[in-house]
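Let me begin by presenting the structure, written as structure tokens, before commenting on it.
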Amino acid sequence: MATARKSAPKSKARTKTAARKTAAKKPTARKTAAKSASKTASKKTAAPKAEAKPSKPRAIAQPVIRRIWPLEADAMRRHLCRLDRDDRTLRFGRPVTNRFIQTYVDRIDWFRDIVIGAVVDGEVTASGILTPIGWRLPLEGSAAVAVESNMQGYGLGSELTKRMLTIGRNRFMSRIYMLCLVKNERMYRIAEKFGGEVDRFRDETVEAQFDLSRPTVSTVTTEAVSEGLALGRTVVGKVPVIGALANGTHAA
Ligand SMILES: CC(C)(COP(=O)(O)OP(=O)(O)OC[C@H]1O[C@@H](n2cnc3c(N)ncnc32)[C@H](O)[C@@H]1OP(=O)(O)O)[C@@H](O)C(=O)NCCC(=O)NCCS
């Protein structure tokens, strides 16, 4: 009994230390995730574990970032319905219902809008939708992004935004707008990172505006290679990545 009582604080202290170490690792892991996504878009995901040992590399899974197609409308719907109340408010401007989301997905024009997502085992876990505005040249677009709460903070929002900007550029869009709530600090940061100008629009909303240059061989190749790799990865299946993110974080 005495031994048990003595050992309890020790194990608690060990747990706290492990948690502190994991917390300290998180930003690095997130940056690695975004970097690896932009290079290959071909890894996979595992659930984050609070007490994973950084010194012991292991296989982890990462999502594939790729185009989402009309046949995946149901996966898209399930993904948006998994957003909690706060995220729905940030994504749609108000805490919308599942029925609203159902109608929203039904109204996606799959042949005009560009839908991309981070897919894990066939389930969409994060998404970006780029919608062309009107038909006149120069073409403009509006974009929106959503990352499910368990996947947030690992660079997916940034990666999806970056890819939508490249895709928009390759479609000769001159400007892309993203509307978000004033309190959405993460979106400010993402806009700032990719050269967006943020204008306060109304009381509660701000508009991030991205001015795009003409496409280049490099931007077209980047998009084609990303899609090709993602397709390859989807067909080949899960490829374990040994030790890339030793603490088991999600990555693109
Ligand atoms: C906004 C959202 C897309 C961000 O996705 P994410 O994958 O969590 O974002 P990232 O991991 O790429 O992080 C983006 C940046 O925000 C920063 N950030 C994280 N938390 C932050 C906070 N509380 N305050 C300020 N910046 C923060 C990160 O450090 C990162 O910047 P860095 O790369 O320079 O370090 C996601 O939180 C989300 O889906 N929210 C709900 C829906 C929504 O808000 N959609 C946007 C409407 S268009």
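Values in this text are rule-based calculations from the coordinates and carry no lab data. For clarity, every value in this text was computed on a predicted model and none was experimentally measured. Every residue, glycine as well, gets a Cβ built from its backbone with ideal geometry; the counts of neighbours run over all protein chains shown.
Values as computed for the structure displayed
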{"read-out": "Cβ pairs under 6 Å, 6+ apart, first in region 150-178 and in contact (Cβ under 8 Å) with a residue 24 or more places away in the chain and closer than 18 Å to GLU207 by Cβ, second among the polar types (S, T, N, Q) and within 16 Å of the ligand (Cβ to nearest atom)", "value": "TYR177/SER142; TYR177/GLN209"}
{"read-out": "In region 132-146, residue surrounded by the fewest Cβ atoms within 10 Å (Cβ to Cβ) [restricted to those that are part of a strand (DSSP E or B) and either within 12 Å of the ligand (Cβ to nearest atom) or on the phi > 0 side of the Ramachandran plot (or both)]", "value": "SER142"}
{"read-out": "Matching option when the condition is assigned to a strand (DSSP E or B) and away from the ligand (no atom under 12 Å from the Cβ), among ASP199, ASP109", "value": "ASP199"}
{"read-out": "Residue match in region 114-123 (condition: within 8 Å of the ligand (Cβ to nearest atom) and closer than 28 Å to ASP74 by Cα)", "value": "no"}
{"read-out": "Scan of region 77-92 for residues that are exposed (fewer than 14 other Cβ atoms within 10 Å of the Cβ) and in a loop (DSSP other than H, G, I, E, B), ordered by number", "value": "ASP84"}
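Residues checked against (1) near the ligand (Cβ under 8 Å from one of its atoms); (2) under 23 Å from ARG67 (Cβ atoms); (3) under 20 Å from the mean Cα position of the chain (by Cα):
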{"position": "GLU148", "(1), (2), (3)": "yes, yes, yes"}
{"position": "LEU156", "(1), (2), (3)": "yes, yes, yes"}
{"position": "ASN170", "(1), (2), (3)": "no, yes, no"}
{"position": "THR205", "(1), (2), (3)": "no, no, no"}
{"position": "PHE210", "(1), (2), (3)": "no, yes, yes"}
{"position": "THR216", "(1), (2), (3)": "no, yes, no"}
